[in-house]
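Report on one structure; see the data block that follows.
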Amino acid sequence: MMIIDNIHRVQQQIADACARTGRDPQDVTLIAVSKTHPAEMVLAAVSAGLQHFGENRVEESESKIPVVNAKTAQPLVWHMIGHIQSRKAREVVPLFNVVHSVDTLKLASRLASFSAEQGRTLDVLLEVNVSGEAAKHGFAAAGWEDNADLRQPLFQEFARILHLPGLRVRGLMTMAPIVDQMEQVRPVFRSLRRLRDALQTELGQPLPELSMGMTDDFPVAIEEGATFVRVGRAIFGDRE
Ligand SMILES: *Cc1c(COP(=O)(O)O)cnc(C)c1O
């Protein structure tokens, strides 16, 4: 398996999905999800031209990210896409450029104070559970369109996070359920985009980024407005 061929295939699929919906491929950033894979594989993807990488565990990132960064002259952009325990928030800030998995006000507050402490402004996305699956992390938002009792406190919580110093909220992230047909997840992605649109209007702040789509569903996510796609297996092959 050649990583470079895989990357070219994924990039072509991104271009095709953009062409189908009249989007500019420049507006979609491919994040190569390198979790479980060694530094050498990340460096192979860097040689193939990729700059954005996603990891989901703090411990693994602490041992991998500095090694990769030291071995390339390219400035890489590291995305934290996995669940973060509050007590790990301090370690996350210096390792990552963007955190996609902010799923509670408590975590947001901790990331905000640690990044302020380190003299930084951290780019974050708010992870939202729009599918309603019990096992998924994220702010509960299934059925938000028709449920004002859910929407009001949710929007209030988001407003509080948007006002935290030390964080810059760039948009929303979601994980779709595992399904047989890619098409079945379209409503999930559409719901996240509509929620983003509603939040922008309600809170009066631009939220340009939508992080949605993985190996099995990224073309549909792009058709529904994804600006970040998080692709692991289609680039690096199956994980152990
Ligand atoms: C592992 C992971 C991905 C990538 O999944 P693939 O199916 O390998 O493309 C994307 N997003 C998150 C949050 C992940 O944990």
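The values are calculated or read from the model by the stated rules, or taken from the named source; none is laboratory data. These figures come from a predicted structure and were not determined experimentally. Positions of Cβ are backbone-derived with ideal geometry, glycine not excepted, and every protein chain shown enters the neighbour counts.
Being more than 22 Å from M80 (Cβ to Cβ) and either within 14 Å of the ligand (Cβ to nearest atom) or among the hydroxyl-bearing types (S, T, Y) (or both): is that true of T174 here?
Details: more than 22 Å from M80 (Cβ to Cβ): no; either within 14 Å of the ligand (Cβ to nearest atom) or among the hydroxyl-bearing types (S, T, Y) (or both): yes.
Considered against the rule, which asks whether it is more than 22 Å from M80 (Cβ to Cβ) and either within 14 Å of the ligand (Cβ to nearest atom) or among the hydroxyl-bearing types (S, T, Y) (or both), T174 comes out as no.
Is there any pair with a first residue in segment 97-110 that is touching a residue at least 40 places away in the same chain (Cβ under 8 Å) and within 14 Å of R87 (Cα to Cα) and a second that is surrounded by 23 or more Cβ atoms within 10 Å (Cβ to Cβ) and not hydrophobic (A, V, I, L, M, F, W, C) whose Cβ atoms are under 7 Å apart and which are 6 or more apart or on different chains, and what are they?
V102/E127
Farther than 16 Å from V128 by Cβ, more than 16 Å from the ligand (Cβ to nearest atom) and among the acidic types (D, E): is that true of E223 in this structure? Spell out how you get there, then give the answer.
Values: farther than 16 Å from V128 by Cβ: yes; more than 16 Å from the ligand (Cβ to nearest atom): yes; among the acidic types (D, E): yes.
Yes; evaluated as a whole, the condition is true for this residue.
From the list A39, A45, A17, which one is out of contact with any strand residue (DSSP E or B) (no Cβ under 8 Å at 6 or more places or on another chain) and either farther than 21 Å from V93 by Cα or among the acidic types (D, E) (or both)? So that I can check it myself, show each step before the final result.
Working: A39 fails: either farther than 21 Å from V93 by Cα or among the acidic types (D, E) (or both); A45 fails: out of contact with any strand residue (DSSP E or B) (no Cβ under 8 Å at 6 or more places or on another chain).
Residue meeting the stated conditions: A17.
So that you can scan it fast, the table gives a plain yes or no per residue for (1) more than 30 Å from E117 (Cβ to Cβ); (2) over 16 Å from the mean Cα position of the chain (by Cα); (3) without any contact (Cβ under 8 Å) to a residue 24 or more places away in the chain:
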site: M41; (1), (2), (3): yes, yes, no
site: A44; (1), (2), (3): yes, yes, no
site: G54; (1), (2), (3): no, no, no
site: K64; (1), (2), (3): no, yes, no
site: Q74; (1), (2), (3): no, yes, no
site: I84; (1), (2), (3): no, no, no
site: K88; (1), (2), (3): no, yes, no
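Can you confirm whether G204 is touching a Lys or Arg at 6+ places or on another chain (Cβ under 8 Å), on the phi > 0 side of the Ramachandran plot and modelled with pLDDT of 95 or more? Give the derivation first.
Numbers: touching a Lys or Arg at 6+ places or on another chain (Cβ under 8 Å): no; on the phi > 0 side of the Ramachandran plot: yes; modelled with pLDDT of 95 or more: yes.
Judged against the criteria, G204 is not a match.
Residue pairs, Cβ under 6 Å, 6 or more apart or interchain, first in segment 215-240 and basic (K, R), second within 9 Å of the ligand (Cβ to nearest atom). List them.
R230/I31; R230/V33; R230/G54; R230/I81; R230/M214; R233/T215; R239/T36
Among the strands (runs of 3 or more DSSP E) contained in segment 135-240, which hold 2 or more residues that are surrounded by fewer than 20 Cβ atoms within 10 Å (Cβ to Cβ) and acidic (D, E)? Break it down into steps so the answer makes sense when it comes.
Details: elements: 167-173, 209-211, 228-231.
Because the criterion is at least 2 residues that are surrounded by fewer than 20 Cβ atoms within 10 Å (Cβ to Cβ) and acidic (D, E), no strands (runs of 3 or more DSSP E) in segment 135-240 meet it.
Conditions tested, residue by residue: (1) within 20 Å of the chain's Cα centre (by Cα); (2) more than 16 Å from the ligand (Cβ to nearest atom).
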{"residue": "R151", "(1), (2)": "no, yes"}
{"residue": "I161", "(1), (2)": "yes, yes"}
{"residue": "G166", "(1), (2)": "yes, yes"}
{"residue": "M182", "(1), (2)": "yes, no"}
{"residue": "V185", "(1), (2)": "yes, no"}
{"residue": "R194", "(1), (2)": "yes, yes"}
{"residue": "T201", "(1), (2)": "no, yes"}
{"residue": "T227", "(1), (2)": "yes, no"}
{"residue": "A234", "(1), (2)": "yes, no"}
